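Working notes for the structure below.
What follows draws every value from the coordinates through simple rules; no lab data is involved. None of the values given here were measured: they were computed from a predicted structure. Note: ideal-geometry Cβ built from the backbone for every residue, glycine included; neighbour counts use all protein chains shown.
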Amino acid sequence: MGVFRKIFGSNIDASKSKTDEKNQSKFLDVDNSPIDEAFTINFNKNGGKFLYCENNDEVHDFLNNIIDENNWDKKKALILNKNLKEKFKNFKLENVPKKGTPDFLFTTCESLIANDGSLLISSNQIAEKKLIELPENFIVFATTSQFVNTISEGLQLIKAKNKSTIPSNITTIKHFKANVTNDFLSYGSSTKNLYLLLLEDL
């Protein structure tokens, strides 16, 4: 599991004592740690796989590792976001037609919601498709500047960035393993095997 040394989850040292955690907290960035930490904890509880990337080279390395780990040798991806397709054009992913059978959906998101560990998405990422119509496997590329505390804050950002035409199909992804909690924004969601590639941009 050295390949995924930065995944948050079962690889975290479960034996860490409360004293160690208190000592570690002294060194956390006071300005940024609350929202980052809240998202990380809640995202992990939801069953997501989290990889922190300091630069674009690490993004590409981890993307390769995810593909290798899952034996997606042909790199068949469904990419519905044009900007993402352009950004990763040199990675040589095979963009499968909408009616094909991709190994995974490669996408961005609108915001990372700290208070419940969910990802806010819209038609900018998944067009008009329902989550249940998309592949079981997701790889999401996001940046640290996309953290918000609540869904309400995320919706406000969508409105601010899209003053002329607000995107449709706004929903959250937070079902990374079976759970029973739902809200109106996640109606029709299905459990996804989700990897988050988080690039530091602050």
Under Karplus coefficients 6.51, -1.76 and 1.60, residue-wise ³J(HN,Hα) of the range 72-84 in Hz, glycine/proline x: 8, 4, 8, 6, 7, 10, 9, 10, 9, 9, 5, 5, 5
Distant-in-sequence amide H partners of Phe104 (H built 1.01 Å from N, under 5 Å): Leu78
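For Thr144, Thr165, what's the fewest-to-most ordering of other Cβ within 10 Å of each Cβ? Don't skip to the answer; put the middle values down first.
Working: Thr144 17, Thr165 7.
Ranking Thr144, Thr165 by Cβ neighbours within 10 Å, fewest first, gives Thr165, Thr144.
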The range 145-160 - phi-based ³J(HN,Hα) in whole Hz, Karplus 6.51/-1.76/1.60, Gly and Pro as x: 6, 8, 5, 9, 6, 9, 4, 4, 5, x, 5, 4, 5, 4, 5, 5
Residue order, fewest to most surrounding Cβ atoms within 10 angstrom, among Leu196, Leu157: Leu157, Leu196
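Under 1.5 on a/c is rounded, so check that first for the range 43-137, then, if it is not, pick prolate when a/b is larger than b/c and oblate when it is not; a ≥ b ≥ c are the square roots of the alpha carbon gyration tensor eigenvalues. Don't skip to the answer; put the middle values down first.
Numbers: a/c = 1.43, a/b = 1.09, b/c = 1.31.
Because its axes are fairly even, with a/c under 1.5, the range 43-137 counts as rounded.
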Prolate/oblate/rounded label for the range 32-199 (Cα gyration tensor, a/c 1.5): rounded
Distance between the range 72-105 and the range 150-178 - C-alpha centres, whole angstrom: 23
